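Asker: One structure is given below, represented as structure tokens, and several questions about it will come after.
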Amino acid sequence: FARTAFGSVKISREKQQLIGVQVSSVEKAAGTNTVRLLGRVTPDETRLYRVNAGIEGAIREVSPVTTGSQVRKDQLLATFSAPSALPTIQLFILNSNTADRAKLGPSEGQNALALASSNLRQRLDQLHNSGMSSQQIEEIAETKLFPESIKILAPADGFVLARNVSPGQKFERGVELYRIADLKRVWILADVFENEAHYLRPG
């Protein structure tokens, strides 16, 4: 061994071969670094559906669907009664009948048709806000009959994450009845330690 300037050490080739030292020039090169993180799988928030009560009522019938069950869009989940929705349903049927008659009337009945259509749209909004599905509203419009109960249908294909209903249960407006997630695409949320954060970047 021979000490050189600036505190470096020079080793002869014979000594390098003897002790197995390999010397090469320093250069930049691509490399990889593995970072192991703890994470959890969660539903994509854009594919999460909350079925909330739009009106106070009482659960009547509940399907066998439980937490973890797979459901299809428009599948029947439960039914409920809501006495406060009856006046709106009655007005909807009345406005629907008026609109049908106005369509068949003479041309001077256009004002009546416009008024009936406007009233009908208001009733439609009220029924949707109460939690009634488009399918059930169309059924009422065709039959002109009061439904025995309001149906709760699955808003999308997915899995039931929460089921907060039971037969006879009374509920207030705004209560979450079901939570359903489409798990075709999910998020993985990982916790990164501060000393490893510099290994990550957007993308």
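Asker: Restricting the calculation to Cα positions, tell me the Rg (one decimal) and the Dmax (whole number) of the stretch 130-203 in Å.
Answerer: Looking at the stretch 130-203, its Cα Rg and Dmax stand at 21.1, 68 Å.
Asker: Please report, in whole Å³, the volume per residue of the convex hull around the C-alpha atoms of the stretch 35-178.
Answerer: Measuring per residue, one finds 140 Å³ for the Cα hull of the stretch 35-178.
Asker: Can you give me the relative contact order of the stretch 140-203 as a percent, contacts being Cα pairs under 8 Å and 6 or more apart?
Answerer: 29
Asker: Rounded to the nearest whole Å², what accessible area per residue is found for the chain with the 1.4 Å probe?
Answerer: That works out to 72 Å² per residue.
Asker: How large, in percent, is the carbon and sulfur part of the accessible surface of the chain at a probe radius of 1.4 Å?
Answerer: 52
Asker: Normalised radius of gyration for the stretch 27-92, please: alpha carbon Rg relative to 2.2 N^0.38 Å, two decimal places.
Answerer: 2.19
Asker: While we're on this one: Measure nothing but the geometry: give the 0 to 90° angle between the long axis through the Cα atoms of 134-143 and the longest principal axis through the Cα atoms of the chain, rounded to 10°.
Answerer: Tilt relative to the chain: about 10 degrees.
Asker: Related question: For the chain, what is the calculated [θ] at 222 nm in deg cm²/dmol (nearest 500), taking -39500 (n - 2.57) for each run of four or more DSSP H residues and dividing by its residue count?
Answerer: Helices in the chain give a 222 nm mean residue ellipticity of -9000 deg cm²/dmol.
Asker: Quick check for the chain: number of Lys pairs with alpha-carbon distance under 19 Å, counting only pairs 8 or more apart or on different chains?
Answerer: Close lysine pairs under the 19 Å cut-off: 4.
The values are calculated or read from the model by the stated rules, or taken from the named source; none is laboratory data. Computed from a predicted structure; not experimentally measured. The accessibility values were calculated without ligands, DNA or RNA, using every heavy atom of the protein model including side chains. Shrake-Rupley method; radii C 1.70, N 1.55, O 1.52, S 1.80 Å.
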